[in-house]
Amino acid sequence: MESTQQKPKVKQFKDDLKEKELKAFNELKAKVVEQCKKMKLDEDQVKFDRYTEDNQCVRLLWAREFKVEKAFEMWKKWVDWRIDFKADEIKEEDVASELQSGKAFWHGMDKQGNPCLVVKVKYHRPGVSSQDVVLRYFLYLLEEGISKCEQAGTGKVSVIWDREGFDKKNFDSNLFSTFKKLNQIMQDNYAERLSTIYILHPNWFFKTIYAVVKPFLTSRTKSKITIVDKTEELKKFFEPSELLIEHGGTSDYKFVYPFPKPISDEKAQEQNANQQQQNNLIVKQVEKQEQEEKPLKPENVNIECDEDLTEEDYRKVEDEISENTNQTSSEYDISQLSHNMFNKVLTMKSK
């Protein structure tokens, strides 16, 4: 039976726009649709829906303070980037080496309902993958996260950046340039997708660097960064059930890769048929065993005493047989029971 529980409805940002903002939205949306048709993106309905999505248009307007032309330029760069980088075509096997590390995975959600990406930097190993693969890996995770947050109805994600265990073996000379590129991609192509990033276990070096760059960050960016010195502090933002045990929660979730593959309908039917055959075989074995364990009259015994026994006598024998056969064969030998019962009949005959 299909679940009757409905998925949360995705919040439509345009519903909260003021009159002037809504006018800007309608103007941008018209430009976006027209450009998609010029690029023949309407031939692929999935891509067309993604590139003309209302909430994406609003996010671009937010990022450019509702200046339509600047938002439209941002949209064109976003589409060009997705096409050039083949962001719509990243597959699991393309980033398998990074997935196998277990350095990042989606788990739980914060108290606002935003899906959370858990990043464990201690599992990063420099040189395992090229910078291009690392970038595509994070984009693969981002696309997965966007799908999750749209289903959740929030449109945003959170990140727990766990620095515990980070040491020199995790240091990557390319990490700075990689994150610089990733940050640019986030700003240009994933506008207003990040709710909050929680920096867990920051050491003195991180705090020093952050203190230096913080004055250059916009107030909007700074509001999305939360420093967390102790795991217990995460409970301010997450329910315990949504946090891993190591992060002060109660979830014993373990990330495993390769992912378990879903069973196809055909495969499921085959497994069900095999299981039914096994069940039928077990039933036949049980029936056969029950038949073999029934108490039988000993062979070569000729007793003609029925006429001499009263109905009460037979009832006594029947009750005793019933009482003893309720025991398992390990507690009472069936052949011995039969022998004893017939002896009892003979004894009653002789009285």
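The values are calculated or read from the model by the stated rules, or taken from the named source; none is laboratory data. Since this is a predicted model, take the numbers as computed values, not measurements. Cβ coordinates were reconstructed from backbone atoms using ideal geometry, including for glycine residues, and neighbour counts include every protein chain displayed.
Going by the structure shown, is THR231 in the same structural domain as GLY113 (by TED's automatic domain parsing) and closer than 21 Å to LEU142 by Cα? It is false that THR231 is in the same structural domain as GLY113 (by TED's automatic domain parsing) and closer than 21 Å to LEU142 by Cα. Of the residues making up segment 42-55, not a single one is aliphatic (A, V, I, L, M), surrounded by 12 or more Cβ atoms within 10 Å (Cβ to Cβ) and either assigned to a helix (DSSP H, G or I) or over 26 Å from the mean Cα position of the chain (by Cα) (or both). The single condition among (1) modelled with pLDDT of 90 or more; (2) among the hydroxyl-bearing types (Ser, Thr, Tyr); (3) out of contact with any Asp or Glu (no Cβ under 7 Å at 6 or more places or on another chain) that SER130 does not satisfy is (1). Yes or no: ASN114 at pLDDT below 85, under 27 Å from GLY249 (Cα atoms) and polar (S, T, N, Q)? When the stated conditions are applied, ASN114 does not pass them. Considering only residues in segment 91-118 that are surrounded by 19 or more Cβ atoms within 10 Å (Cβ to Cβ) and either without any contact (Cβ under 8 Å) to a residue 60 or more places away in the chain or in contact with a His (Cβ under 9 Å, 6 or more places away or on another chain) (or both), the one that is farthest from HIS201 (Cα to Cα) turns out to be VAL95. The number of residues in segment 21-41 being more than 35 Å from the chain's Cα centre (by Cα), of a type in the set (Lys, Arg) and modelled with pLDDT of 95 or more comes to 2.
Answer with yes or no whether TRP78 is over 30 Å from GLU239 (Cβ atoms), surrounded by 14 or more Cβ atoms within 10 Å (Cβ to Cβ) and touching a residue at least 60 places away in the same chain (Cβ under 8 Å). Taking the combined requirement at face value, the residue satisfies it.
Inclusion of GLU233 among residues that are out of contact with any helix residue (DSSP H, G or I) (no Cβ under 9 Å at 6 or more places or on another chain), surrounded by 11 or more Cβ atoms within 10 Å (Cβ to Cβ) and without any contact (Cβ under 8 Å) to a residue 40 or more places away in the chain is warranted.
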